[in-house]
1. Just to verify a result, which residue in segment B:362-392, among those that are touching a Lys or Arg at 6+ places or on another chain (Cβ under 6 Å) and closer than 15 Å to residue B:411 by Cα, is modelled with the lowest pLDDT?
2. Just name the residue that is farthest from the other protein chains (Cβ to nearest Cβ) out of those in segment A:58-84 that are on the phi > 0 side of the Ramachandran plot and without any contact (Cβ under 8 Å) to a residue 40 or more places away in the chain.
3. Does any residue of segment A:89-99 turn out to be among the acidic types (Asp, Glu), within 14 Å of another protein chain (Cβ to nearest Cβ), in contact (Cβ under 8 Å) with a residue 12 or more places away in the chain and in a helix (DSSP H, G or I)?
4. May I ask you to list the residues in segment B:189-243 that are among the charged types (D, E, K, R) and assigned to a loop (DSSP other than H, G, I, E, B)?
5. I'd like to know if segment B:263-282 contains one or more residues that are buried (at least 22 other Cβ atoms within 10 Å of the Cβ) and more than 14 Å from chain A (Cβ to nearest Cβ).
6. Given the conditions (1) surrounded by fewer than 15 Cβ atoms within 10 Å (Cβ to Cβ); (2) more than 26 Å from the chain's Cα centre (by Cα); (3) within 28 Å of residue B:84 (Cα to Cα), which single one is not true for residue B:131?
7. Go through the residues of segment A:110-130 one by one and say whether even a single one is touching a Ser or Thr at 6+ places or on another chain (Cβ under 8 Å), within 9 Å of another protein chain (Cβ to nearest Cβ) and part of a helix (DSSP H, G or I).
8. Need pairs with beta-carbon distance below 6 Å; first residue within 11 Å of chain A (Cβ to nearest Cβ) and free of Cβ contacts under 8 Å to residues at least 24 places away in the same chain and within segment B:176-192, second surrounded by 15 or more Cβ atoms within 10 Å (Cβ to Cβ) and not charged (D, E, K, R); sequence gap 6+ or separate chains.
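The values are calculated or read from the model by the stated rules, or taken from the named source; none is laboratory data. For clarity, every value in this text was computed on a predicted model and none was experimentally measured. FYI the Cβ positions are ideal-geometry reconstructions off the backbone, even for glycines, and counts take in every protein chain you see.
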Amino acid sequence: MLAYAVRRIFSTIPVMLIVALFVFSLLYIAPGDPAAIIAGDQATPADVERIRASLGLDRPFVVRFGDWLWHIVHGDLGTSIFTNLPVTHMIAQRIEPTVSLMILTLILSLACAIPMGVVAAWKHGTWIDRLVMMTAVVGFSTPVFVVGYVLAYIFALWLDWLPVQGFTSISQGLWPFLRNLILPSVALGLIYMALIARITRATMLDVLSQDYVRTAKAKGVGQAGMLFRHALKNAAVPIVTIVGIGFASLIGGAVVTESVFAIPGLGRLTVDAILRRDYPVIQGVVLLFSFLYVLVNLVVDLLYTLFDPRIRY
Amino acid sequence: MDRRGFLKTAALTAAGALAAPRLSLAADAKTLRFVPQANLANLDPIWTTQYVVRNGSLLIWDMLLGVDDQLQPQPQMVEGHEVTADGKTWTFKLRPGLKFHDGEPVLAKDCVASINRWMVRDAPMGGPIKKRTDALEAVDDRIFRFRLNQPYPKMLFALGKSSTPALFIMPERIAATDPYKQITEYVGSGPMRFKRDEWVPGAKAVFERFDGYVPRDEKANWLSGGKRMHFDRIEWQIQPDGATAAAALQNGEVDWVETPLSDLIPLLRSNPNVAVDIADPLGNVGSFRINHLNPPFNDVRARRAIQIALSQEDYMTAVVGDDPELWKALPGYFTPDTPLYTEAGGEPLKGKRDYELAKKLLAEAGYKNEPIILLVATDVAITKAEGDVTADLLKRIGMNVQYQALDWGTVGQRRASKEPPDKGGWHIFHTWHAGADCVNPASYTALDCSGDTAWFGWPKSDLVQEKIAGWYAAPDLAAEKIAIAELNKAAMDFVVYVPTGFFKGYQAWRKNVSGVVKAPFPVFWDVTKA
């Protein structure tokens, strides 16, 4: 399995190269001009031209791409056009809030969605099942920003239990850290929760109709043991798959969530960079997200072997 | 502990934590938490002309002169100045005891280097001064001198102007940076120093008090007088979402929001802990910017068709809503309620709007239903609102409008194109000009009619240029008023651009903060927090 993992990690290199070329080309042909934004509204066209030249944006595509790739190969993602800070530094500044948000969202979503899905399957056709499915539909159909504003209104402005915005590093204490992340995680996790709950329910329904479940029941296995030890483990592969696939939507949702709750994470960095045409930052962040996505899917593949011994790499 | 015990303890802990009264941070009187109008993505006030950068720079760097609320330049870093009778030699002397944040004294050579860098980038005033300067030299550590080949009466206004790029004094080694490249050190001599180690661009910028700053004895007045800081720290918290910023202000998580969403003003007003007032008394001038190079608008009759059909009320209502305190009609180019304001030549913008006459003028200009490219930055609320009104207006006067929804970054690029509309060019875009820049022609880039070197749209009118020169030569306020009236009329006749109205915005702050003033920039000195 180790050899497989190493092979998979190496296989990300061509993927990342293709992503790099795609992102660079896309930004090259996309309209917009960072020099005009830097120069500001009062600047003359001549000033804009001079700034563009000083940033090297007047160089041909091949030269710029080659230069950028050369630096990437040497571990240098470049320097932000606007802040003059290394992109790696800007990513390092922003990674903790985003990773924290994603992990907490993941934990909350799994902790709620899997029991919900299991219980809905177990109580199939009852009001509990309908309640779970209704919650899932609401979760699916409510945009993240709406949930965010509603939560902020209730828990921050009205009840005054939690802050509206911001992020506190875990190094400053667990509760201050959690206090800032609870609302964003719930807002972001709702869609994810709905997705996982539905898949869990559907898969569990399938598994619960299998012969071995009936046999287990006949042998006197307890309800909880039957559901969680026997059925859920066999239903785990599709659930883990959807958790991996859902990671992409988590990244997309983080962009909105971080804006609504003013969390200084990678999502906001991406949006700011796109609006300003800060090409090195956009390229760096997209590469990072692509790498993370590939990595998450690798972890998902490896997890299959944990839940299903028949799978071998 | 058994399972039940664990659950009970956990539930009690969680309930206790959630029930804790008022989790909002207790106000720290020595720290001001401020939400600026935009992201502070860099801090070089010469390299970029963005207002948010200028506003941050006002804390870090000091200025030779600073404008007061009467728009008059007053001595700030300089102790005084002398000018020879022929107006060609200007000598300035620095105040004693000025220090940079690195402990080095501020010297005349720093001023010379800073002025040199500024003159390259400040086209309206720095450029003309540079052309007239035979020598700019440090006479000794505290004295520097301009020797001009022809007089420049507006020298004090130029050195103390607040419009971007303003003249900030930097150490010589930093000011020696190419004006088209960004500086890498943020060392100034202003009342606050920049905490670079805490800077998270797009999220937070922190300034801490500079103990070595020596304020002037006079009372602070905008950018002049004693800049006394009552905070150890000023934290700029960048809030990309206006609703979140307003909620944070209501919840006491921030102290002052520079530009709250106008839709949320009633909500903020209803909060007993929040104060709301006009932010900038000089407001903004909305702009219907026309490309003078492309038909039909290369014909003045087509531009006049817009002028007589355009309803400023429609534009202003779209931009700021129904609040009558926030806007007024502007049949002229200059900022209302300032000494040079005039309505001379502004008749076409007054009275009933005449669509039929507009159609007639368009026909006379040879317009035959060609597509009119309207660039609209839909990610900026003001330009989006203006663009929507314009699309409607153009249709009403029989024009074939092509509404191109873009973001501001793209409009910034597209508007620089002098190509014909079918090759990536344009006819119209919208923006607005800070009222502080529109008080006279010196910082009014949008009124320049020098053709190729003019601002986007490239208007060319020798008469307008002659009238601008007339203002520069005016010896006193009475003469300036006459010159501006003539300029306004010439510019209106030529339709350099069409003003869409004059509008203001609000600012909001917690009521435990006092000393917030109305100004074209946030003024932090003399602000206190209980």
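1. The first filter runs over segment B:362-392 and keeps only residues touching a Lys or Arg at 6+ places or on another chain (Cβ under 6 Å), leaving B:364-365, B:375, B:378.
From what is left, the residues that are closer than 15 Å to residue B:411 by Cα are B:375, B:378.
Values: B:375: 96, B:378: 90.
That would be B:378.
2. Keep residues of segment A:58-84 that are on the phi > 0 side of the Ramachandran plot, which gives A:75, A:78, A:84.
Restricting the remaining residues to those that are without any contact (Cβ under 8 Å) to a residue 40 or more places away in the chain gives A:75, A:84.
On the way: A:75: 22, A:84: 5 Å.
Within segment A:58-84, the match that is farthest from the other protein chains (Cβ to nearest Cβ) is A:75.
3. yes
4. Just the residues of segment B:189-243 that are among the charged types (D, E, K, R), to begin with: B:193, B:195-198, B:204, B:208-209, B:211, B:216-219, B:227-228, B:232-233, B:235, B:241.
B:195, B:211, B:216, B:217, B:218, B:219, B:227, B:228, B:232, B:241, listed by residue number.
5. Step one: filter segment B:263-282 for residues buried (at least 22 other Cβ atoms within 10 Å of the Cβ), giving B:279, B:282.
Those left that are additionally more than 14 Å from chain A (Cβ to nearest Cβ): B:279, B:282.
Checking segment B:263-282: at least one residue is buried (at least 22 other Cβ atoms within 10 Å of the Cβ) and more than 14 Å from chain A (Cβ to nearest Cβ).
6. Going through (1) surrounded by fewer than 15 Cβ atoms within 10 Å (Cβ to Cβ); (2) more than 26 Å from the chain's Cα centre (by Cα); (3) within 28 Å of residue B:84 (Cα to Cα) one by one, residue B:131 breaks only (2).
7. No: zero hits.
8. Filtered contacts from segment B:176-192: B:185/B:174.
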